[in-house]
1. What is the ratio of the Cα radius of gyration of region 91-163 to 2.2 N^0.38 Å, with N the residue count, to two decimals?
2. So what's the net charge close to D99: Lys and Arg +1, Asp and Glu -1, counting the other residues with Cβ under 13 Å from its Cβ?
3. With both bridge residues required to lie in region 6-184, what share of the DSSP beta bridges run antiparallel, to the nearest 5%?
4. Using a cut-off of under 11 Å, list every residue of region 70-110 whose amide N is near the label point 7 Å from the Cα of D22 along the Cα-to-beta-carbon line.
5. Run the numbers on the chain and let me know its relative contact order in percent, using alpha-carbon pairs under 8 Å that are six or more apart.
6. Along the Cα→Cβ direction, 7 angstrom out, place labels at A48 and A132. What is the inter-label distance in nm?
7. Can you give the direction-averaged projected area of the convex hull of the alpha-carbon atoms in region 22-157, in nm²?
8. Relative to the first principal axis of the alpha-carbon coordinates of the chain, what is the inclination of helix 82-95, with its axis defined by its Cα atoms, in degrees from 0 to 90 and to the nearest 10?
Amino acid sequence: MTSVSFAAILVAAGHSSRMGSDKLWADLWGRPTWRWSLDTLLAAPGLARLALAVPADAVGRFTDALPADAGRCLVVPGGDARADSVIAGLWALTGAGHDDETIVLVHDAARPALSGDLVRAVATAADRTDGAVVPVVPVVDSLKRVRGERVVGPIEREEVVAAQTPQAARLGALRAAIEEAHAWGRPITD
């Protein structure tokens with residue numbers, strides 16, 4: 001089976017504000033959390049290049065912690081928001097010779113349980129479409145709609161799914177979508 005060629009952006013510029021400590025550097029079975037995703041992506045057939053978007057003041061720390069076989073990695077300063085880090089990764093990939101038709105997978109480094117099968121499935125699905133690919137899982141929790149502090153009704157879980165990463169799109173389409181959302185002042189959470 002021929003593998004699909006793709007590039008990836010591993011978003012690692014967050015500040016772990018909800019966790020209260022730097023979850024990306026937490027030791028997870030002998031490796032920092034972010035390395036699990038990086039290692040999975042580097043092992044994926046078809047990966048041409050990976051942009052690792054990190055806090056500007058930590059570029060050296062991340063670079064020093066790369067594995068020996070990380071020659072395809074570009075460590076770039078990310079932004080304050082996830083979308084800014086994705087844009088930084090897209091520009092780094094463009095600078096490395098990738099064009100608007102390159103399939104780009106975007107994964108959150110704080111999600112270390114990435115599997116090679118999911119990477120392959122998302123890259124393959126992206127190769128078959130002109131749109132974006134977003135893996136989802138069913139919502140199993142009971143969900144409620146609120147106004148202020150008051151619960152006003154249920155949300156039917158059959159009508160919603162939870163978005164996962166990696167997500168994929170063509171480089172040019174992804175860049176255009178983020179830039180348009182910024183121009184309209186729309187928040188981008190993934």
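Rule-based calculations on the coordinates, nothing more; no lab input. Quick caveat: nothing in here was measured; it's all calculated off a predicted structure. Note: ideal-geometry Cβ built from the backbone for every residue, glycine included; neighbour counts use all protein chains shown.
1. Dividing the Cα Rg of region 91-163 by 2.2 N^0.38 Å gives 1.57.
2. On the way: positive: R49, R170, R175; negative: D100, E101.
Here the charged neighbours net out to +1.
3. Numbers: 15 of 31 bridges.
For region 6-184, the DSSP antiparallel bridge percentage is about 50.
4. Under cut-off, by backbone N: nothing.
5. Here the relative contact order equals 25 percent.
6. In this crude spin-label approximation the distance works out to 2.2 nm.
7. On the way: hull surface 45.0 nm².
Averaging across all directions leaves 11.3 nm² for the Cα convex hull.
8. 30
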